[in-house]
Amino acid sequence: MLRSFLARPHPLLSNLRRQDCRSVARQLGRRPDQIISRSYTSSEDETDSDADRPEPEPKHRRKHLYVVLDDWKKGFSIHKLDLDDDSDGGDLTQRPPVHRQTTWGWGGGWSFAAVGSKIVAAGRINSSEEDNVTLVYDTEAAGLSIVPRLPAALHLGWDLAAAAGNGLYTFEGGKYNGGIHLLEDAPAPAPADDKYGIQAFWWGTKDHWSWSTIQTPLPFRANDIESFAVHPEGGGRTLFVSVGDWEHVLDRLVRTSETFSYDTRTREWTRHGDWDLPFEGQAHYDAELDAWVGLRKVYEPHDRHSPQKHWTDGYLCSCDVPSPDGSPVQPDWKLCAEGMIPPYRDPADADARLLYMGGSNYCLVEVMACESFKSKHLANVGRKCVIRVATFRLKYGKKGELLVAARRPDRSYHFSTFVEGTPKAGVFWM
């Protein structure tokens, strides 16, 4: 009888479904026709043939370049770019993003990182201090998760975020040396006085994303981090970090450097020696080259109380992967003779990032101001900026030198920004 009742059309039920869809759509800022509905089949309706039918093989998901931009006055947008389409490019103000998020003050501490197929954004969505949250955008499901109670030490952003093991490790340069905070797709532990786990459920973290603070102290200042890379052994459980500083010795500034590794399983630090990785920022492991690959780091002397001055000059380099058990000597590294940033442009003025696409294929993304950009359809769109994307492949030559091969024509994407200074963007390949 129940099944026959549900099979008949009921105007009242249909009207309730429409009203509920409109209400949810208004809360999400979307049109009702954009809300996806799903239907489910009960076990009683499942036939023997359905039960015996094998599960379909998952299709290979083609990856894209995701760019997070401050291209509107109320927050940020996430754009999805197809690098396999040679015609893709042009004006991003003329195409809709895959997600647009309202925030409170883009320049007030919003940070972006990636773990797996998810983009993590942390910052304040309203004027209250209690409104500092973590947003996790799933690029596969095109869905957004909200994790409340961002650690107070991260309210102004983090100095470094690295995906290692099954979590995202964020470093903040707070008091003393700073600390590490871990974001992982795991339930948060309920407070001792929360017998039934009501508080964890209320905050939406009982069965999904949660933050925790690593109690192991940092053996260096988080503000001094210059390079990092994930070791390929052990499922990516070990994170290598190089730090640099300048000290006054006999009225001269002398550079000091150290490299450490952190085991995410034992939560212990290992000091490797007085040497540093040659990279600026993140390096990527290339299995075909059996090496870490990144952009070369350059620096100039500075006082301890002044900001760190290091950047990339746009040259690629590869470095042998040291042993996680201990490496007192700097591993050998090679420099590519071909620069990836045009010589007429100051590399320090561009925000350049190297992304690994797999199979020794790479993507170099530069974000810079572009005063020549004009939009015919939009007025008052802020400062004009451009994203330059270069894709290429790396290989070793006959003499073991690092070479750029199969470089495709560069492409450009224009956008607008409402933040002063060098334009910034979060760029991820997933």
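Here is the figure for segment 112-136: residues that are crowded, with 20+ Cβ neighbours inside 10 Å and within 17 Å of the chain's Cα centre (by Cα) total 13. Within segment 385-430, being over 12 Å from LEU364 (Cα atoms) and among the aromatic types (Phe, Trp, Tyr) holds for TYR396, TYR413, PHE415, PHE418. As a summary of the residue check, VAL254 satisfies the conditions (1) out of contact with any Cys (no Cβ under 8 Å at 6 or more places or on another chain); (2) farther than 18 Å from ARG221 by Cα; (3) among the β-branched types (Val, Ile, Thr) except for the one numbered (2). For segment 241-250, indicate whether the set of residues that are modelled with pLDDT of 95 or more and farther than 19 Å from LEU160 by Cα is non-empty. Among the residues of segment 241-250, not one is modelled with pLDDT of 95 or more and farther than 19 Å from LEU160 by Cα, which makes the answer no. Restricting attention to segment 247-284, which residues are open to solvent by 50 Å² or more (accessible area, probe 1.4 Å) and in contact (Cβ under 8 Å) with a residue 60 or more places away in the chain? Of everything in segment 247-284, those that are open to solvent by 50 Å² or more (accessible area, probe 1.4 Å) and in contact (Cβ under 8 Å) with a residue 60 or more places away in the chain turn out to be ARG265, GLN282. Reported count of residues in segment 140-149, each being surrounded by 17 or more Cβ atoms within 10 Å (Cβ to Cβ) and modelled with pLDDT of 90 or more, is 1.
For segment 396-412, the criterion of being part of a strand (DSSP E or B), at pLDDT 90 or above and within 21 Å of GLN94 (Cα to Cα) is satisfied by at least one residue. Residue selection: VAL389 satisfies the criterion of being out of contact with any Phe, Trp or Tyr (no Cβ under 6 Å at 6 or more places or on another chain), crowded, with 20+ Cβ neighbours inside 10 Å, farther than 28 Å from TRP104 by Cα and among the aliphatic types (A, V, I, L, M).
When the residues of segment 285-306 are filtered to those that are open to solvent by 50 Å² or more (accessible area, probe 1.4 Å) and at pLDDT 95 or above, the one that is nearest to ASP159 (Cα to Cα) is ARG296.
The values are calculated or read from the model by the stated rules, or taken from the named source; none is laboratory data. Being a predicted model, the structure only gives us computed values, none of them experimental. Using ideal geometry, Cβ is built from the backbone for each residue, glycine included, and neighbour counts are taken over all protein chains shown. Quick note on the areas: whole protein, heavy atoms, side chains included, nothing else; ligands and nucleic acids left out. Shrake-Rupley method; radii C 1.70, N 1.55, O 1.52, S 1.80 Å.
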